[in-house]
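Starting off with a structure, shown below.
Only the coordinates and a few stated rules stand behind these numbers; no lab work does. Since the structure is predicted, the reported quantities are computational estimates derived from the model, not experimental observations. All Cβ positions, even for glycine, are placed from backbone atoms using ideal geometry, and neighbour counts span all protein chains on display.
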Amino acid sequence: MTSSKVALVTGANQGIGYALVEELARRWREEDVVLLTGRDPSRVREAAARVGGRARVEGRRLDVTDAGAIAKLADELGERHGGVDVVISNAGARITPDRPQEEQIDEFVAVANGGAHAMLRSFGPVLRAGGRLIVVASSLGTLGHLDERVHPLFDDLSLEGVEALTESWRTAVHQGTAQQRGWPQWINIPSKVLQVAAVRAVARERRDADLRDGTLVAAVCPGLVDTEASRPWFSDFSRAWTPAQAAERLLDFVLAEPVDPAMYGELVRTGTVLPWRGRPYVPAHRGNGSEDRLGE
């Protein structure tokens, strides 16, 4: 057991993930540890070596599509440190507008959704009291962005139920029946809604104990961020955040004390809860949904 703080960020080789590691290392103490993870060992080593700040940064290979590897790492950190203080599930696979959606959905869902599910399942039990369990999602992750025909499918889901619904939707995309069932063509939208549904499912079971301990489980939207993943989709980045700016804003919320019960288990953007069953969020300066995070 140790009094030092421990954080882990997935998808941290570049973009928002890397910026989150760098910002945590800057804010924390020398005795604290931040794990920078990704699935390419050489890129993980190079990225970890570049991070400045006071806290110790450790590069660790982690493929978030491997639930067994995630469970093993969670157990290791639980034994080595007595738990983890901050877990940020940030990993995402890129999608591009030049390829059919059905050709991209398997990897996209395996990383963005399967990875988030595995992180929530394995790191929830080793999260220390007062810790933070966060999924980086999108303002598109509310039911208002989906056809009302599919809304009942999300009622009172467990994490296992979210996983089953994710697989049902993925299968429908491959079968060419997704749109007639009410799912939108762009796979990014259902993926993000299902991410937030997973957070809500886990938070529902933990809420009372977590709020007593000052622990936060939530989904966060960083807004439009200028990254390689976003570039193929949007042409105007004049109002976009840099990864460093986005990370600073996210951590201001994630690390804030005390935890606001109104934000527990919710999707939060710039300190504001985006209602799960409310109207779709529309950015005031764009009006076309471009505040979405496509994945870093």
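Among ARG249, ARG204, rank each residue by its count of other Cβ atoms within 10 Å, from fewest to most, as a rough exposure measure.
On the way: ARG249 18, ARG204 14.
Going from least to most buried by this count: ARG204, ARG249.
What length, rounded to one decimal in nm, is gained on full extension from ARG61 through to GLU148, with 0.36 nm per residue of separation minus their alpha-carbon distance?
Values: separation 87, 0.36 × 87 = 31.32 nm, distance 4.04 nm.
Additional length available on full extension: 27.3 nm.
I would also like to ask the following. What fraction of the DSSP beta bridges in the chain is antiparallel, stated in percent and rounded to the nearest 5?
Around 10 percent antiparallel, to the nearest 5.
Would you mind ranking SER89, SER122 so that the residue whose beta carbon has the fewest other beta carbons within 10 Å leads the list? Can you show the working numbers first?
Values: SER89 29, SER122 20.
Exposure proxy ranking, most exposed first: SER122, SER89.
Under the rule of at least 5 residues apart or a separate chain, name every residue whose amide H is placed under 5 Å from the amide H of VAL220.
VAL135, VAL136, ALA137, VAL268
Oh, and also: Test of understanding: in a Gaussian network model of the chain with alpha carbons linked when under 10 Å, which of GLU148, GLU107, GLU248 would top the mean-square fluctuation ranking?
Between GLU148, GLU107, GLU248, it is GLU148 that shows the largest mean-square fluctuation.
Go ahead and set up a Gaussian network model of the chain, Cα springs under 10 Å, then flag whichever of ALA172, ALA25, ALA247 fluctuates most.
ALA172
Right, another one. Taking 41 Å as R0, compute the FRET efficiency from the Cβ-Cβ separation of GLN101 and ARG80 and round it to 0.05.
The formula returns an efficiency of 0.50 here.
Cα axis of helix 243-254 to longest principal axis of the chain: angle in degrees, 0 to 90, nearest 10?
80 degrees
Could you give the length gained by full extension between ASP208 and SER158, i.e. 0.36 nm per residue of separation minus their alpha carbon distance, to one decimal place? Numbers along the way, then the final one.
Details: separation 50, 0.36 × 50 = 18.00 nm, distance 1.65 nm.
Taking 0.36 nm per residue and subtracting the Cα distance, the gain is 16.3 nm.
Please list, in order, the residues from region 162-201 whose amide nitrogen is less than 19 Å from a point placed 7 Å along the Cα→Cβ vector of VAL273.
It comes to 193-201, nothing else.
From the phi of every residue in region 94-107, what ³J(HN,Hα) in whole Hz does the Karplus formula 6.51 cos²θ - 1.76 cosθ + 1.60 yield, where θ is phi - 60° and glycine or proline is x?
With the stated coefficients, region 94-107 comes to 7, 10, 10, x, 9, 10, x, 4, 5, 7, 10, 5, 4, 5 Hz.
If you don't mind, there's one more thing I want to ask. Output the 0 to 90 degree angle, nearest 10, between the alpha-carbon long axis of helix 41-50 and the longest principal axis computed from the alpha carbons of the chain.
On a 0 to 90 degree scale, this one is about 60.
Roughly how many Å is it from the Cα centre of region 23-87 to that of region 237-256, as a whole number?
20 Å
Okay, next question. If you rank ASP156, ASP213, ASP85 by fewest surrounding Cβ atoms within 10 Å, what's the result?
Working: ASP156 8, ASP213 15, ASP85 21.
Fewest-to-most ranking of ASP156, ASP213, ASP85: ASP156, ASP213, ASP85.
Can you run phi through the Karplus equation (6.51, -1.76, 1.60; θ = phi - 60°) for region 185-194 and list ³J(HN,Hα) in whole Hz, with x for Gly and Pro?
Per-residue couplings from phi come out as 5, 6, 5, 4, 5, x, 4, 5, 4, 5 Hz.
Go ahead and set up a Gaussian network model of the chain, Cα springs under 10 Å, then flag whichever of ALA256, ALA137, ALA219 fluctuates most.
Ranking ALA256, ALA137, ALA219 by mean-square fluctuation puts ALA256 first.
GluC sites (Glu not before Pro), restricted to region 23-104: which are DSSP loop and have at most 12 other Cβ atoms within 10 Å?
Details: sites: GLU23, GLU30, GLU31, GLU46, GLU58, GLU76, GLU79, GLU102, GLU103; in loops: GLU30, GLU31.
Passing both the DSSP loop test and the Cβ count: GLU30, GLU31.
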